Amino acid sequence: MTDERMSGETADTKGLLAHYPWVLGFAILLVVALHVSAFRSAGLSQDYDSVLRLLELRDFMAGRGWFDTVQPRVLPPEGLDLHWSRLIDAVLAGAIVFVSFFVDPARAETAVLFAWPVLLLILLIAISGAMVRERFGDKAASLTVLVAATSQLLRGVYFLPGLIDHHNVQIVVMAGVAWGLLSDGDRTRSGLAAGALTALSLAVGLEAVGFIAVAIVFLGLRYIALGGWEAERVGGFGLALMLTAPLLFLAQTAPSDWTVPHCDELALPVLWVTTVAGLYLLGLARMTRDATRPERVRVALVLAVPALLALLPAAQACADGPYDMVSDMVKRIVVANVIENLPLRFFLVHLPVQGLSMALPFLCVILLLAPTLASGKARDARALSVALSLLALAVSLLQARMMIWGFATLPAALGVAFHDFTRQNRINLVWTFRLLLVIAASFPHLFGLAFVGLSAPAPSQIASPTEDPRCVTREAIESLNALPPSLIFNPIEFGTLLLVHSPHSVTGASYHRSPRALEYGIVPFLYEQSDALRAALADTGADYVILCRGKSYGPDTTVATRLAAGEDVDFLTDTPVPSGGDILRVLKVDKDKL
């Protein structure tokens with residue numbers, strides 16, 4: 001053993017970072033303190049999907065059926081089928097009921113909304129630390145949990161107080177899958193756990209499908225390379241995936257929807273994919289357990305042919321994605337204007353600090369870990385982290401939100417990269433470059449400010465391109481509560497806000513399950529003539545139209561832009577509201593003139 005290696009191993013057993021349980025406890029306390037601080041400064045998050053889930057949760061606790069996830073105030077009487085998993089609702093409802101034994105129901109709800117994200121973040125920290133500790137030791141695990149605890153990117157995007165949408169659950173579940181793939185423990189149990197968690201991820205939502213694809217490819221390639229006992233992990237994963245996915249499907253899907261081929265949830269097309277993937281992995285493991293590497297390669301290729309052919313029908317059925325039911329014009333507008341659909345390039349150009357904050361950690365993981373793939377410890381774990389970071393950056397060029405595929409292993413990858421850096425004793429240009437990468441990955445927002453300049457807009461100032469910040473405030477929407485409960489014909493950006501902060505029903509909402517709600521929230525406002533608006537009002541039976549005063553809805557010649565500027569039409573009359581009238585223009589529909 002060389003002196004350099006001996007000194008490195010000795011360093012890993014000394015110092016504060018070598019006492020992992022204490023560092024983990026400190027990281028948890030730090031996360032709780034930061035969470036409390038965020039709650040005191042900004043309260044509960046008003047993220048649209050989270051507050052809409054809260055409405056769904058309240059309806060569920062008030063007696064709405066398990067399979068009934070329709071939001072009735074979107075285009076009544078048909079409503080909007082949110083297709084969100086009741087599994088999360090069940091956990092949240094159970095927690096609220098339990099806390100209600102000690103405090104009143106309103107405070108119990110607030111307590112659960114506060115605690116849910118931080119508990120998930122603590123679970124992510126624990127999983128990431130355990131995964132790294134098993135493969136790299138206590139010091140690397142300590143660095144991992146500290147990175148996760150202090151990451152503004154994680155806390156500020158997915159784990160703020162009040163965020164009860166499924167994205168933070170997805171990140172935690174994906175981290176569990178990664179641990180199951182990499183664990184050196186019982187391989188059968190690890191494979192079964194990873195396969196079952198993969199099915200759970202698909203039941204909660206399909207946002208992690210890219211991560212799952214990489215995980216399955218990684219699992220197969222590593223088995224082909226290593227063989228032996230890895231067959232137990234591969235077989236266990238395939239079996240659990242194939243059996244758990246149908247059970248979760250039955251648990252959360254109404255019998256009337258069992259034969260409906262939805263492509264945006266765990267339904268027949270996705271079940272077919274999980275069955276084919278499970279059979280492929282199970283067959284590969286069973287047929288090649290005692291085979292040589294060349295034999296494993298041949299069998300894997302032979303089995304891949306019928307598997308890919310079997311997957312073609314599902315791929316063709318879902319080729320158009322979640323917006324397959326809306327017109328091409330609406331699809332283009334939604335993709336170009338809804339902020340969660342925007343590519344990373346939009347943020348780098350218009351909001352460079354936020355764009356750099358999103359991209360830098362993944363870029364640093366690639367630059368720090370890729371050179372170690374040939375000779376570093378636990379090369380399979382490093383390869384998985386680099387592959388997921390590359391995937392996150394690649395898909396962000398299409399939609400920045402798809403970076404979620406890399407978040408599951410980001411804390412662990414950064415912890416390992418920082419650990420590698422601490423073991424380098426020689427100060428040179430390479431050391432300096434790696435130091436800069438470590439700083440950039442640790443403080444991406446500060447690094448972005450230094451790189452771009454302090455004049456760049458802060459993340460709190462960001463609004464969707466379709467929104468005017470003056471009009472999408474709680475105060476502006478609550479000014480409409482002076483009106484009797486009504487059906488409001490609204491531009492798409494007002495949909496969720498009206499549902500959350502008023503008793504009114506809406507005609508426009510940015511949820512793809514209702515093509516009519518998407519179209520009514522966009523199309524009638526973009527025509528120059530008022531005929532399309534008149535026809536839409538007649539079709540929906542809306543009582544009022546609301547617009548943001550002075551806002552441009554497309555070109556200056558569109559009917560909505562002219563109405564927002566103060567122009568009148570014969571079938572709409574101004575309706576003053578006690579407050580907010582200088583921000584919103586409220587127009588009552590004269591139904592006799594439609």
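Structure summary
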item: Identity of the residue in the range 148-166, surrounded by 24 or more Cβ atoms within 10 Å (Cβ to Cβ) and part of a helix (DSSP H, G or I), that ends up farthest from the chain's Cα centre (by Cα); result: Ala149
item: Hits in the range 556-594 (condition: touching a residue at least 24 places away in the same chain (Cβ under 8 Å), assigned to a loop (DSSP other than H, G, I, E, B) and more than 13 Å from Leu533 (Cβ to Cβ)); result: Thr557, Thr575, Val577, Pro578, Ser579, Gly580, Gly581, Asp582, Ile583
item: Qualifying residue in the range 293-316 (condition: in contact with a Cys (Cβ under 8 Å, 6 or more places away or on another chain) and crowded, with 18+ Cβ neighbours inside 10 Å); result: no
item: Positions within the range 11-48 being assigned to a helix (DSSP H, G or I), out of contact with any Leu (no Cβ under 9 Å at 6 or more places or on another chain), closer than 18 Å to Trp116 by Cα and touching a residue at least 24 places away in the same chain (Cβ under 8 Å), in sequence order; result: Ile28, Val32, Leu34
item: Filtered residue count, the range 514-538, keeping only those that are in a loop (DSSP other than H, G, I, E, B) and surrounded by 22 or more Cβ atoms within 10 Å (Cβ to Cβ); result: 3
item: Of all residues making up the range 382-405, the number that are farther than 16 Å from Gln354 by Cβ and of a type in the set (D, E, K, R); result: 1
item: Near pairs, Cβ below 6 angstrom, 6+ apart or cross-chain, from the range 292-318 (touching a residue at least 40 places away in the same chain (Cβ under 8 Å) and outside any helix (DSSP H, G or I)) to any residue that is of a type outside the set (Phe, Trp, Tyr) and open to solvent by less than 80 Å² (accessible area, probe 1.4 Å); result: Cys318/Cys263; Cys318/Pro269
item: Leading residue by the ranking (surrounded by the fewest Cβ atoms within 10 Å (Cβ to Cβ)) among those in the range 396-415 that are of a type in the set (A, V, I, L, M, F, W, C), under 15 Å from Ala175 (Cα atoms) and touching a residue at least 60 places away in the same chain (Cβ under 8 Å); result: Ile404
item: Residue match in the range 126-133 (condition: without any contact (Cβ under 8 Å) to a residue 40 or more places away in the chain and either outside any loop (DSSP other than H, G, I, E, B) or surrounded by fewer than 21 Cβ atoms within 10 Å (Cβ to Cβ) (or both)); result: no
item: Filter pass, Ala108 being of a type in the set (A, V, I, L, M), over 20 Å from the mean Cα position of the chain (by Cα) and more than 16 Å from Glu56 (Cα to Cα); result: yes
item: Answer residue from the range 113-122, given it is touching a residue at least 24 places away in the same chain (Cβ under 8 Å) and more than 17 Å from the chain's Cα centre (by Cα) and is least open to solvent (accessible area, probe 1.4 Å) among those; result: Leu113
item: Candidate set from the range 172-210 (those that are open to solvent by less than 30 Å² (accessible area, probe 1.4 Å) and among the hydroxyl-bearing types (Ser, Thr, Tyr)); member that is nearest to Ile88 (Cα to Cα); result: Ser201
item: Residue satisfying all of: in the range 339-394; polar (S, T, N, Q) and in a helix (DSSP H, G or I); surrounded by the most Cβ atoms within 10 Å (Cβ to Cβ) among these; result: Ser385
item: Test: Leu239 is farther than 28 Å from Ala93 by Cβ, crowded, with 20+ Cβ neighbours inside 10 Å, among the aliphatic types (A, V, I, L, M) and at pLDDT 95 or above; result: yes
item: Odd one out for Val145, checked against (1) under 24 Å from Trp22 (Cα atoms); (2) open to solvent by 10 Å² or more (accessible area, probe 1.4 Å); result: (2)
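Conditions (1) touching a strand residue (DSSP E or B) at 6+ places or on another chain (Cβ under 7 Å); (2) open to solvent by less than 40 Å² (accessible area, probe 1.4 Å); (3) at pLDDT below 85, marked per residue:
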site: Ser460; (1), (2), (3): no, no, yes
site: Ile488; (1), (2), (3): yes, yes, no
site: Ile492; (1), (2), (3): no, yes, no
site: Gly495; (1), (2), (3): yes, yes, no
site: Leu499; (1), (2), (3): yes, yes, no
site: Ser502; (1), (2), (3): no, yes, no
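The values are calculated or read from the model by the stated rules, or taken from the named source; none is laboratory data. Since this is a predicted model, take the numbers as computed values, not measurements. Backbone-built Cβ (ideal geometry, glycine too); neighbour counts: all protein chains shown. Each accessible area value is taken on the protein alone, full model and side chains, heavy atoms only, with ligands, DNA and RNA left out. Shrake-Rupley method; radii C 1.70, N 1.55, O 1.52, S 1.80 Å.
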